[in-house]
Amino acid sequence: MENSKRNVFVIEDNKTEGMLLKLCLGSIKNLKIYNFASAKDLFDNLHENPSIIIADLMLPDITGYKLIETLKEKVPEVPIIVISAQKDINLIGKIQELGIYNYVVKGEACIEYLQKIVEDLLLIIEKKEELEKYE
């Protein structure tokens with residue numbers, strides 16, 4: 001059953017928020033969560049083949065826009081969920097134009113919402129893989 005685990009990468013430089021995200025996602029079956037505090041660490045581990053990437057925009061070593069842009073170049077097939085305190089509509093629009101799956105504004109209810117988004121996205125990924133078997 002270990003082979004059926006899906007890798008989820010979480011990039012969050014705030015250790016407390018990173019732990020909360022890991023706890024939140026830890027209740028979802030068959031996930032292996034990787035936490036990264038910098039873009040360099042995340043990029044160095046892309047060989048682990050993430051199924052989903054959850055990214056904060058405020059990081060110490062890269063702008064959020066550049067992070068998403070680079071991820072879309074390196075792993076274009078991997079859905080990206082942005083979770084950020086940034087509420088600037090122009091920034092959100094620019095990030096969404098890069099082709100992210102979802103943008104979640106950090107707040108009181110965002111953890112439960114994020115958990116639901118990830119669960120739904122995993123179902124979509126599984127159905128897509130099933131359909132590809134028949135092509």
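The values are calculated or read from the model by the stated rules, or taken from the named source; none is laboratory data. All values derive from a computational prediction rather than experimental measurement. No Cβ is skipped: glycine too gets one built from the backbone with ideal geometry, and neighbour counts run over all protein chains shown.
In this structure, is M1 modelled with pLDDT under 95, over 28 Å from L123 (Cβ atoms) and surrounded by fewer than 18 Cβ atoms within 10 Å (Cβ to Cβ)? Here the answer is no, as M1 does not meet what is asked.
Taking segment 4-19 as the range and being of a type outside the set (A, V, I, L, M) and either in a strand (DSSP E or B) or within 18 Å of I81 (Cβ to Cβ) (or both) as the test, the residues that pass are R6, N7, F9, E12, D13, N14, E17, G18. Scanning segment 13-29 for residues that are in contact (Cβ under 8 Å) with a residue 60 or more places away in the chain and in contact with a helix residue (DSSP H, G or I) (Cβ under 9 Å, 6 or more places away or on another chain) yields L20, L21, C24, L25, S27, I28.
Among the residues of segment 33-56, those identified as over 12 Å from I80 (Cα atoms) and either among the β-branched types (V, I, T) or touching a helix residue (DSSP H, G or I) at 6+ places or on another chain (Cβ under 9 Å) (or both) are I33, Y34, N35, F36, A37, A39, L42, F43, L46.
For S51, state whether it is within 11 Å of the chain's Cα centre (by Cα), under 24 Å from K128 (Cβ atoms) and touching a residue at least 40 places away in the same chain (Cβ under 8 Å). Considered against the rule, which asks whether it is within 11 Å of the chain's Cα centre (by Cα), under 24 Å from K128 (Cβ atoms) and touching a residue at least 40 places away in the same chain (Cβ under 8 Å), S51 comes out as yes.
The sole residue among V105, V78 that is at pLDDT 95 or above and more than 14 Å from I11 (Cα to Cα) is V78.
Residues of segment 20-31 being more than 19 Å from S84 (Cα to Cα) and either of a type in the set (V, I, T) or surrounded by 15 or more Cβ atoms within 10 Å (Cβ to Cβ) (or both), which ones? Answer for segment 20-31, where residues must be more than 19 Å from S84 (Cα to Cα) and either of a type in the set (V, I, T) or surrounded by 15 or more Cβ atoms within 10 Å (Cβ to Cβ) (or both): I28, L31. Scanning segment 1-55 for residues that are more than 19 Å from L114 (Cα to Cα) and of a type in the set (S, T, Y) yields S4, S38.
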